[in-house]
Amino acid sequence: PSRAMEINDSLAVILKHKGQASIHAVAPGDTVFDAIKLMADRNIGCVLVLEGGVLRGILSERDYTRKVMLQGRSSKTTTVREIMTAEVICVTPQHGVEETLRLVTENRVRHLPVKDAEGQVIGLISIGDLVKWVIHAQRSALSQLEAYVAGGYPG
């Protein structure tokens, strides 16, 4: 990035930094097998469940292990609709990093869809994205402080 990462940045800044990563989604009627295969192929931990462009839910590896594998269900006959998390916590590009970290921690979730003002999903933020951002922000702040103490800080 052209500027230092900061702990109080908004999700818009993180999404811009991540680049235009495509949003991986399945439909409610798709099989769980197909959704898990997509996650494995893309090396991701969850997919959004979209129907006609509308967010209907989210499906994670955790949903699969708890609602299919541990219950002895078949991923080839179980639909995404049957096991997805329908009550999805969403954030906006204006949400801050700290506020979003609090949301994922309090709600024990790992992924949050980001919706724009019109309610369209424009990205997905993971707890990993947030933790990486905080680490980079702290390193940047520490480097600036070290430069200042060493007398190399401009000004």
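The values are calculated or read from the model by the stated rules, or taken from the named source; none is laboratory data. Please read these numbers as outputs of a predicted model, since none were measured by experiment. Methodologically, a virtual Cβ is constructed for each residue, glycine included, from the backbone with ideal geometry; neighbour enumeration extends over all protein chains shown. To get the accessible areas, we keep the full protein, side chains included, count just its heavy atoms, and leave off ligands, DNA and RNA. Shrake-Rupley method; radii C 1.70, N 1.55, O 1.52, S 1.80 Å.
Details
- A single member of 68, 32 is crowded, with 18+ Cβ neighbours inside 10 Å, in contact (Cβ under 8 Å) with a residue 40 or more places away in the chain and among the aliphatic types (A, V, I, L, M), and it is 32.
- Here the condition is being open to solvent by 40 Å² or more (accessible area, probe 1.4 Å), more than 22 Å from residue 136 (Cβ to Cβ) and outside any strand (DSSP E or B); of 73, 56, 102, it holds for 73 alone.
- Failed condition for residue 86, given (1) farther than 23 Å from residue 32 by Cα; (2) in contact with a Lys or Arg (Cβ under 8 Å, 6 or more places away or on another chain); (3) of a type in the set (A, V, I, L, M); (4) open to solvent by 50 Å² or more (accessible area, probe 1.4 Å): (1)
Quick grid of which residues meet (1) touching a helix residue (DSSP H, G or I) at 6+ places or on another chain (Cβ under 8 Å); (2) closer than 21 Å to residue 129 by Cα; (3) open to solvent by less than 40 Å² (accessible area, probe 1.4 Å):
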{"position": "12", "(1), (2), (3)": "no, yes, no"}
{"position": "18", "(1), (2), (3)": "yes, yes, no"}
{"position": "37", "(1), (2), (3)": "no, no, no"}
{"position": "46", "(1), (2), (3)": "yes, yes, yes"}
{"position": "80", "(1), (2), (3)": "yes, no, yes"}
{"position": "91", "(1), (2), (3)": "yes, yes, yes"}
{"position": "94", "(1), (2), (3)": "yes, yes, no"}
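- Of all residues making up segment 88-106, the number that are more than 13 Å from residue 60 (Cβ to Cβ) and in contact (Cβ under 8 Å) with a residue 12 or more places away in the chain: 12
- Here is the figure for segment 73-91: residues that are at pLDDT below 95 and within 14 Å of the chain's Cα centre (by Cα) total 0.
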